[in-house]
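The values are calculated or read from the model by the stated rules, or taken from the named source; none is laboratory data. Given the structure is predicted, the values throughout are model-derived calculations rather than measurements. Here the Cβ positions follow ideal geometry from the backbone for every residue, glycine too, while neighbour counts run over all protein chains shown.
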Amino acid sequence: MGRLGRPLYALAVVTALALGLRLTPLWTASAMRLPPPPASGHEAPVPVTFTVAQGMTPDAIATGLVESEVLTDARRFHLLVGLDGAGRDLRAGCYIFAKQTPASEIVRRLRGGITSVQLLPIPEGRRLEEVGAIIEQAGIAARADWDAAVAKAPRDRLPAAPPASRSLLGYLLPASYPLQCQASASDMVAAMLDAFTQQVTPEVIAAARSHGLSLDDTVILASIVEREAVIRAEQPVIASVFLNRLKAGLPLQADPTVQFAIANAKPPSGAGGWWKTDLTVADLRIDSPYNTYRNPGLPPGPIANPGIDAIKAVANAATTDYLYFVAKGDGSHAFARTLDEHNANVAKYQR
C-alpha cells in the first residue's frame, strides 16, 4: 500500500502575551500557524503587567514604568503629560505593556483606560504540552498549573465530552484570545472550551453525523486533517480521502499519527520538537494504537487541537473518490484514485 505522503507545515512566528480575566476568542478569517516555542536564548518578550493605583501621581507612574522597563524616556512622558494637563486624565487600572513602549503610546492608553490591546494566539494543530508551553511562556501559569487546570476542567461545558479516561486534547479550540490582567490557567481552559461549544454548532454536529461520525470521531479525524493540511482550502478534500479510506476498510496511513505516537513513547527534552519530520520505515512500525499504518480505523483519540476550519472540513467533506495524496513540496498535495496514480505522484513529487 502506498503511503499518503509527509505533511508540510507553513509556519508564522507570533509573540505570546499575558491573558485576560474574561476571555472571548477573536475569530479571524485566516488563523495563524505557529512553530514550537522558541529555543532557549530566543524566547519571546514577556509582557509587563503594571497597575496604576487610584490617585497615583504622574511622577510615581513614570518611576514605576521606568523600573518595569516599559518606559525608557521619562522626560518625554512628563513632557506629553504636562503639555495639555493629561496628568489629571490618567486612569487607574491594570495595564499590560510591552517593554520599551513609546511614551506617546503609554500616555494614549493611560488616558483612554486601554488596559490591553494585545492578543494571545493559540495555534491550530498543537498538543496539550505545546499549548501549555505557550501559556507558561506568556507568564499566565506554570506548566503544572496548566496540566492541573486541563485535568479538572468542567467537561459539561462541551456539547458532548470525550471519555473520562482521555484528556481534553482536541476540545480546546485554537483562536486568538484578548488579553487583560491576572488570568489563570483555569480561565484559559474554560475560555477554550466555551469557544469550542460556540463554534461547533448543532448544525456542524448534524453534518458530521451524515458521514456516520460522532462528535468525538469528528474531532479525532479533524486533528489529523489539521496536521496534514497546509493549504486551508485542501482540508475538505483531505478529509474526503480519509473518509473514503475508512469506508473502504483501508488504514488511514497518516504520518501525523505516527509522529504523535513517537512523541508519546519518547517525549522530547529541552527545545526538541513534538513532531518528528523525517519518519523512517522503522518509525512506521511503532507499536502504538495511534499508528494508523498498523491499525485500521480512527486512532483512540485526537492527536492535536484542530481549528474550527478543520472540524467543519470533516463535517462538510468534499465528495471525491480519492484514496491517496502526497505532498508536492509547495504546501499543496497531489490526489489520486488508484495506487498506480499515487505511485506516479510519489515518483514525481517525492524524489
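Summary of computed values
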| read-out | value |
| --- | --- |
| From the options SER214, SER210, SER186, SER223, residue that is surrounded by 21 or more Cβ atoms within 10 Å (Cβ to Cβ) and polar (S, T, N, Q) | SER223 |
| Yes/no for SER240 being modelled with pLDDT of 95 or more, of a type in the set (Ser, Thr, Tyr) and surrounded by fewer than 20 Cβ atoms within 10 Å (Cβ to Cβ) | no |
| Some residue of the range 297-304 being among the β-branched types (Val, Ile, Thr), within 30 Å of GLU203 (Cα to Cα), surrounded by 22 or more Cβ atoms within 10 Å (Cβ to Cβ) and touching a Phe, Trp or Tyr at 6+ places or on another chain (Cβ under 8 Å) | yes |
| Among residues of the range 264-283, those that are in contact (Cβ under 8 Å) with a residue 40 or more places away in the chain, touching a helix residue (DSSP H, G or I) at 6+ places or on another chain (Cβ under 9 Å) and surrounded by fewer than 20 Cβ atoms within 10 Å (Cβ to Cβ), counted | 5 |
| 1 or more residues of a type in the set (A, V, I, L, M) and over 16 Å from the mean Cα position of the chain (by Cα): qualifying helices (runs of 4 or more DSSP H) within the range 185-272 | 202-209, 215-228, 235-248, 255-265 |
| Test for THR51: is it out of contact with any Gly (no Cβ under 7 Å at 6 or more places or on another chain), of a type in the set (Ser, Thr, Tyr), without any contact (Cβ under 8 Å) to a residue 40 or more places away in the chain and not in a helix (DSSP H, G or I) | no |
| Pair list, Cβ under 6 Å, 6 or more apart: the range 126-154 residue under 15 Å from LEU173 (Cα atoms), other residue at pLDDT below 90 | ILE134/ALA16; ILE135/ALA141 |
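Listed here are the residues, each with its yes/no results for (1) over 20 Å from TYR171 (Cα atoms); (2) of a type in the set (A, V, I, L, M, F, W, C); (3) without any contact (Cβ under 8 Å) to a residue 40 or more places away in the chain.
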position: THR197; (1), (2), (3): no, no, no
position: ALA207; (1), (2), (3): no, yes, no
position: ASP216; (1), (2), (3): no, no, no
position: SER223; (1), (2), (3): no, no, no
position: LEU243; (1), (2), (3): yes, yes, no
position: LYS247; (1), (2), (3): yes, no, yes
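Residue-by-condition table, conditions (1) surrounded by fewer than 13 Cβ atoms within 10 Å (Cβ to Cβ); (2) under 30 Å from ALA190 (Cβ atoms); (3) at pLDDT below 90; (4) touching a Ser or Thr at 6+ places or on another chain (Cβ under 9 Å):
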residue: PHE97; (1), (2), (3), (4): no, yes, yes, yes
residue: ARG108; (1), (2), (3), (4): no, no, no, no
residue: ILE122; (1), (2), (3), (4): no, yes, no, yes
residue: ALA153; (1), (2), (3), (4): no, yes, no, yes
